[in-house]
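*Asks:* Below are the structure tokens for one structure; questions will follow.
All of the numbers you see were taken from the coordinates with simple rules; none came from a lab. Nothing here was measured: the structure is a model prediction, and the numbers come from that model. Ideal geometry is used to build each Cβ from the backbone, glycine not excepted, and the neighbour counts take in all protein chains shown.
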Amino acid sequence: MELELKKYVLQLSHTFKISRESRDDQDSLVVCLSLNGKTGYGEATSNPYYNVTVESMMAEILEIESEIQALTTIDPESFHSFLTDKGLSYFATCALDLAAHDLHGKLKEKPLYELWGTSNKHYPITNYTIGIDTVDKMIDKMLEKPWPLYKIKLGTDYDLEIIKSLRKHTDAIFRIDANNAWSVEQTLELAPLLKALNVEFLEQPLDADNTEGYKALKGKCALPIIADESCIVEEDVIKCAGLFDGINIKLTKCGGLTPALRMIKQAKVLNMKVMVGCMTESTVGISAIAQLTPQLDFVDMDGAMLLKKDIATGIEIQEGGKLKFPTIGGSGVRLLS
């Protein structure tokens with residue numbers, strides 16, 4: 001099997017700000033795995049919060065380059081087990097895992113959702129994210145992209161003012177992501193007011209390790225609460241049961257599609273809502289997420305929509321959130337020249 005690593009700097013259309021950071025571009029690693037005339041593509045972005053860089057991921061992968069190149073077949077689950085045994089980080093594992101799934105599907109000439117026994121006739125639409133900014137600029141960003149569903153990043157001293165102001169300009173559903181910035185008291189105070197403003201749910205309002213805080217919110221918060229930073233890997237799903245109403249799975253954080261599929265099944269057994277989110281990936285990563293959408297309650301896969309220029313073709317997110325799935329197998333990704 002042939003292995004190639006590519007680094008990209010993805011330029012964002014607007015400065016993207018959340019409660020803990022701000023950025024104008026996003027470093028990204030794309031892994032290319034080729035076998036029998038087919039190439040699969042996977043992606044993982046850098047992340048300072050988790051101390052991950054493209055260079056660190058590349059270094060990990062290059063240490064086992066010869067072993068990957070020696071492979072003559074590709075089974076995503078076995079390949080993921082091999083990567084886990086090698087001790088790769090979740091981010092590096094994700095890029096390789098996504099490439100393996102894409103390659104596997106292309107060799108089978110079937111999209112992944114079909115190989116998984118699901119149909120793409122029904123799926124949730126993605127939200128479109130509005131990062132933190134002045135109220136006027138947040139309104140401008142929203143009006144620039146009319147959409148039926150927005151995720152609003154909060155964690156300011158004027159959070160309620162932001163939502164009240166945005167609500168004057170759209171009837172769209174809102175989701176709120178405070179990125180760990182609120183207290184229990186703030187959450188309980190704001191939740192009923194936000195619910196009245198057609199907010200669907202709150203994502204990770206408190207610190208990830210604030211277990212007692214989430215216990216205090218359970219059954220008292222006026223809005224459902226979805227875990228993000230509190231649910232990183234498979235072992236976290238059971239920990240979130242009883243504290244959260246649902247989980248947001250990030251492929252880069254958990255190690256790719258292989259563990260994500262298991263997390264989805266586990267969450268459903270526990271009667272939790274399931275969401276998959278993105279990390280401002282290009283269409284390479286977003287196309288992998290799209291293959292999971294028939295299994296999801298919610299999805300946040302607007303990463304490529306936030307870019308000035310994409311690096312690949314694959315899933316197409318059309319007006320109103322309708323998806324046009326690729327006709328080629330796997331995730332359906334092709335890199336642009």
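*Asks:* Could you go through region 329-337 in sequence order and give the Karplus-derived ³J(HN,Hα) for each residue, using 6.51 cos²θ - 1.76 cosθ + 1.60 with θ = phi - 60°, rounded to whole Hz, and x for Gly and Pro?
*Replies:* Result, ordered by residue: x, x, 7, x, 8, 9, 6, 7, 6 Hz.
*Asks:* Taking the chain as a Gaussian network, Cα atoms linked when under 10 Å apart, which of Y128, Y90, Y158 shows the biggest mean-square fluctuation?
*Replies:* Fluctuation is largest for Y158.
*Asks:* Quick one: angle between helix 76-85 and the longest Cα principal axis of the chain, in degrees between 0 and 90, rounded to 10, please.
*Replies:* Its long axis makes an angle of about 80 degrees.
*Asks:* Among I232, H169, T129, which residue has its Cα positioned farthest towards the positive end of the charge dipole of the chain, with +1 placed on the Cβ of Lys and Arg, -1 on the Cβ of Asp and Glu, and the dipole taken about the Cα centre?
*Replies:* Final value for the positive-end residue is H169.
*Asks:* Moving on. Residue by residue through region 137-152, which ³J(HN,Hα) values in whole Hz follow from phi under the Karplus form 6.51 cos²θ - 1.76 cosθ + 1.60 (θ = phi - 60°), with glycine and proline marked x?
*Replies:* For region 137-152, the Karplus-derived couplings read 6, 5, 5, 4, 4, 5, 5, 5, 10, x, 8, x, 8, 10, 9, 10 Hz, x marking Gly and Pro.
*Asks:* Tell me, what ³J(HN,Hα) does each residue in region 162-170 have, in order and in whole Hz, if you take phi through Karplus 6.51 cos²θ - 1.76 cosθ + 1.60 with θ = phi - 60° and put x for Gly and Pro?
*Replies:* For region 162-170, the Karplus-derived couplings read 4, 5, 4, 6, 5, 4, 5, 10, 7 Hz, x marking Gly and Pro.
*Asks:* Testing the spin-label approximation: label points 7 Å from Cα along Cα→Cβ at L336 and E63. State their distance in nm.
*Replies:* Computed distance between label sites L336 and E63 equals 3.5 nm.
*Asks:* Each label point is 7 Å from the Cα along the Cα-to-Cβ direction; what then is the distance between the points at E114 and E319, in nm?
*Replies:* Roughly 2.9 nm, to one decimal.
*Asks:* Here's another thing I want to ask about it. Determine the dipole magnitude for region 30-149: charges of +1 sit on the beta-carbon of Lys and Arg, -1 on that of Asp and Glu, nothing else is charged, the reference point is the Cα centre, and the result goes in debye to the nearest 20. Please list the in-between numbers first.
*Replies:* Working: 9 positive and 17 negative charges, 102 e Å.
Using Cβ point charges on Lys, Arg, Asp and Glu, region 30-149 gives about 480 debye.
*Asks:* Based on the Cβ-Cβ distance of L188 and D157, what FRET efficiency does E = 1/(1 + (r/R0)^6) give at R0 = 30 Å, to the nearest 0.05? Each step should come with its number before you reach the end.
*Replies:* Working: r = 18 Å, r/R0 = 0.60.
For L188 and D157, the calculated efficiency is 0.95.
*Asks:* For A222 and I173, FRET efficiency with R0 = 22 Å and r from the beta-carbon atoms, rounded to 0.05?
*Replies:* Values: r = 16 Å, r/R0 = 0.72.
With R0 = 22 Å, the Cβ-Cβ based efficiency is 0.90.
*Asks:* Among C240, C94, what is the fewest-to-most ranking by other Cβ atoms within 10 Å? List each step's numbers first, then the result.
*Replies:* Values: C240 20, C94 35.
The most exposed by this proxy come first: C240, C94.
*Asks:* Shifting gears a bit: Please list, or write none, the lysines whose alpha carbon is within less than 21 Å of the alpha carbon of K220, excluding same-chain residues fewer than 8 places away.
*Replies:* Within the straight-line cut-off, K220 pairs with K195, K239, K273.
*Asks:* Here's a follow-up. Can you tell me the orientation of helix 257-269 relative to the chain, as the angle in degrees between its alpha-carbon axis and the longest Cα principal axis, to the nearest 10?
*Replies:* With both axes taken from Cα atoms, the answer is about 50 degrees.
*Asks:* Which residue, A44, A267, A304, has the most motion in a Gaussian network model of the chain that connects Cα atoms within less than 10 Å?
*Replies:* Result for the chain, Cα springs under 10 Å: A267 fluctuates most.
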